[in-house]
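Colleague: My structure is below; once you've seen it, I'll send some questions.
Taken together, the values in this text are just the output of simple stated rules run on the coordinates, not laboratory data. This one's a predicted model, so the numbers in the text were calculated from it and none came from an experiment. Using ideal geometry, Cβ is built from the backbone for each residue, glycine included, and neighbour counts are taken over all protein chains shown.
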Amino acid sequence: MKKLAIILSLCICVGVSTGCGEKKQKEETKVVECTQTQSLSTYEIKSNFKITAKGETVEKVEATETYTSEDTSIVDQLEQTLNLQYESLNSSYGGYTHKVTKGEKEVSTSVTIDYSKFDSKKFATDKKLEDYIKNDRLSLDGVVKRYELNGATCK
């Protein structure tokens with residue numbers, strides 16, 4: 001009987017010290033890439049988005065976009081508008097870094113959204129996207145769905 005009590009005590013100690021055999025799984029990093037081309041009356045937009053997630057929540061989005069127009073006044077206006085837009089988004093939600101580069105007939109943007117510095121809850125409330133929040137961050141499924149609803153193809 002004493003031996004049985006000792007064996008049970010050892011099993012309990014081993015089980016407690018090892019977490020009862022449970023292993024914490026490391027969250028898998030997932031990458032989804034989306035592309036989109038839009039032709040508007042005065043310019044064309046080619047977009048590439050790289051969405052990186054840990055598990056089911058988005059960690060960052062890296063976007064590059066090229067706006068092309070034959071009208072140089074449109075190109076000038078796009079440069080100003082895009083800079084103001086990204087500065088405003090960063091001011092409102094945080095996490096944005098951007099670079100806008102103007103050529104003769106095009107404007108290119110390079111944007112990174114770091115969701116560890118981004119106010120996902122405020123963004124979701126402002127944009128009526130509360131269903132896309134998971135663990136206080138935007139969900140991968142939600143972000144991909146938004147890009148697809150806006151016309152992007154995601155893989």
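Colleague: Can you give the net charge of the other residues whose Cβ lies under 10 Å from the Cβ of residue 43, counting K and R as +1 and D and E as -1? Numbers along the way, then the final one.
Modeller: Working: positive: 105; negative: 44, 70, 71, 106.
Here the charged neighbours net out to -3.
Colleague: Given the C-alpha atoms of the stretch 29-97, compute the convex hull and give its volume per residue in Å³.
Modeller: 92
Colleague: Further question: Note down the nm distance, to one decimal, between modelled labels 7 Å out along Cα→Cβ at residue 56 and at residue 80.
Modeller: Rounded to a tenth, the inter-label distance reads 4.5 nm.
Colleague: I need the phi-derived Karplus couplings for the stretch 48-53: 6.51 cos²θ - 1.76 cosθ + 1.60, θ = phi - 60°, integer Hz, Gly and Pro marked x.
Modeller: After applying 6.51 cos²θ - 1.76 cosθ + 1.60, I find 10, 10, 10, 9, 10, 10 Hz.
Colleague: Let me ask something else. In a shell of Cβ-Cβ distance under 11 Å around residue 75, excluding residue 75 itself, what net charge do Lys and Arg (+1) and Asp and Glu (-1) give?
Modeller: -4
Colleague: Separate question: Over the Cα atoms, compute the radius of gyration (one decimal) and Dmax (the largest Cα-Cα distance, rounded to a whole number) for the stretch 66-155, in Å.
Modeller: Expressed in Å, the Cα Rg and Dmax of the stretch 66-155 come to 15.1, 45.
Colleague: Taking θ = phi - 60°, what integer Hz values does the Karplus form 6.51 cos²θ - 1.76 cosθ + 1.60 yield along the stretch 82-91, in sequence order, with x for Gly and Pro?
Modeller: Each residue of the stretch 82-91 in turn: 5, 4, 5, 4, 5, 5, 5, 4, 5, 5 Hz.
Colleague: 7 Å from Cα along Cα→Cβ at both residue 30 and residue 91: what's the point-to-point distance in nm?
Modeller: 3.5
Colleague: Give the aspartates and glutamates whose C-alpha is closer than 19 Å to that of residue 46, dropping any in the same chain fewer than 8 places away, or say none.
Modeller: Candidates past the 8-residue exclusion: 33, 62, 65, 70, 71, 76, 79, 104, 106, 148.
Colleague: Here's something else I'd like to know. How about the stretch 110-144: which trypsin sites (Lys or Arg not before Pro) there are in a DSSP loop, with at most 14 other Cβ atoms within 10 Å of their Cβ?
Modeller: Those that pass, being in a loop and sparsely packed, are 117, 127, 128.
Colleague: Cross-link partners among aspartates and glutamates for residue 122, C-alpha distance below 16 Å, same-chain residues fewer than 8 apart left out?
Modeller: 114, 130, 131, 136
Colleague: Between their Cα atoms, which of 60/155; 26/127; 30/134 are more than 25 Å away from each other?
Modeller: Table pairs above 25 Å Cα-Cα are 26/127.
Colleague: Could you tell me which of 78, 53, 63 has its Cα farthest along the dipole of the stretch 45-84 towards the positive end, charges placed at Cβ (Lys, Arg +1; Asp, Glu -1), taken about the Cα centre?
Modeller: Looking along the dipole axis, the top candidate is 53.
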